[in-house]
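What follows draws every value from the coordinates through simple rules; no lab data is involved. Given the structure is predicted, the values throughout are model-derived calculations rather than measurements. Here the Cβ positions follow ideal geometry from the backbone for every residue, glycine too, while neighbour counts run over all protein chains shown.
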Amino acid sequence: MTTLPPLPHPDGPGPAQAHQARHLLGVPGDVLVDELETLALSRFAGARWDVAPVGAEPLVPPARTASPGQPGVLRTSRHSTLTGPYSPAGAGLPPGTALVLDVVCPRERGEAPYPGGGDRDGVGRAFPAGLPVREEERVVTWLVAAARRLGGSVRTDVGHPASPGVVLTPDPGAAVDMSLYSDVWLEPTAALALVARQHPRTTLATEGASYGGPPKGIAELPLYPGEKMDPELRRSIHAAADGVDIRALTTGSVLDGYGLLVDLGLDGLVAVEVGGEDQLPLLLRGLPWAADGAVSYRVRWEPRDLLESQEEQPSMEHRVARKRAAGVVAQVVGTLHDAVGGEIADEAEFLVDREDL
C-alpha cells in the first residue's frame, strides 16, 4: 500500500484562511478515492479533480495527476476543496479511520439551532453558535451523507479557536428511505400485486369518498342575505354547474400518481409514492431515458414516533423497528426494480446497486 502523506497541522488552521472553515472527512481503508469523486458528482455538478491522486481513475478528466507522495485535490465548487488522502495520524478521528480528506470551504454561519428541534446527525451539536448556511451548509450536509455512506466520520471546525470541534459519526442505519427511478409506469393494481405477494398487509392509498352531489335545495337559496338574483337564473346557473360536475365525474381521467401502504404493525408503515419526477439525481440527468424526467417510486418509512426518529441517540426499541422497516424498504425497492428496471438512490441521492440492497 502507498504511504500516505501526513495531515498538515492536524489541530491548527492548516490551509484554511480567516474567512474559511476547515473540516476533516475520515473513511475506512476499503474506500477508494474514486468513490469520493462519484459521491461528489452526485451532489455537485461541477465536481472534478484539480489534482488526481496517484492510482485514481477519475470519471472527469483531471487538470493533472499528483506526483508520488502528493495529495489529490477534489474541487466541489469554486470555493470548496477536499485535499488528500492523508494519513489519519493526529486527525482526532475514531479508530478504524485509514484515509483523511482535508476540507476547506467558506465559513458561513446562520442562526443557532432551534432548542428542542431534531438533530439526527448531530449537526446542531457540532455548530451550537450558528448552523452552516449557503455553501458551507451544502458542504457539511454532503460530508455527513458521505460519511454515512462510507462508514466514516467528520470532524468539524478544525483549528478554529471559537469552535469546540466535534466528531460526527453518522449512523448508517438511520438512512432508511430509498427511491427508484425508471421509464416504466406500473399501474396501481400491478404494483399492489407485486408488493402484496411479499407483504399481504399492503393496500392502495388512492381510494377516496364518493361524491354525493350538491346539497338538496341549494339552487333555491340566496348566495348571501339580501341577494336579489332571479330564481330562474339561479336555477340555470346551478344546473350548468351540475353539468360540469357530472361530465368531470363520468369522463376518464389520467392517473398521474398513487400510493401504497404496507402496514408494519408496531413498526409503523412503509409508504410507496409513485408519480412523475422532473428533478432527478444529478448522475441520472444525462441518461437518454431520463432526459424528459422519469417515474419515481419513493419508498419511505413512517415510524410510530416521528420525533424519536430525528434523535441522534434513539431508543433500542426504535432502532430495532427501524432495522426491520429498512429490510422491508429494501425488499420493496428490489421487487419494483425487478419489474421496471431503472436506478436506485438512497435518501442522499447517492446511487445504490440492486445487488447491495
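Packing, as the average of other Cβ atoms within 10 Å across residues, places the peptides 187-198, 75-86, 289-300, 230-241 in the order 75-86, 289-300, 187-198, 230-241, highest first.
Secondary structure note: in the chain, about 95% of the DSSP beta bridges are antiparallel. Working from label points 7 Å from Cα in the Cα-to-Cβ sense, the Ile218 to Thr38 distance is 5.7 nm. Helix 188-198 and the longest principal axis of the Cα set of the chain meet at an angle near 60°.
Considering only Glu302, Glu347, Glu220, the mean-square fluctuation computed in a Gaussian network model of the chain, springs between alpha carbons under 10 angstrom, is largest for Glu220. Treating the angle as unsigned and between 0 and 90°, give the value, to the nearest 10°, between the Cα long axis of helix 134-150 and the longest Cα principal axis of the chain. Here the helix axis deviates by roughly 80 degrees. Relative to the longest principal axis of the Cα atoms of the chain, helix 33-43 runs at roughly 30 degrees.
Taking other C-beta atoms within 10 angstrom as a stand-in for reagent exposure, Lys216, Lys323, Lys228 fall in the order Lys228, Lys216, Lys323, fewest first.
In percent, rounded to a whole number, the relative contact order of the chain is 17, using alpha-carbon pairs under 8 Å and six or more apart.
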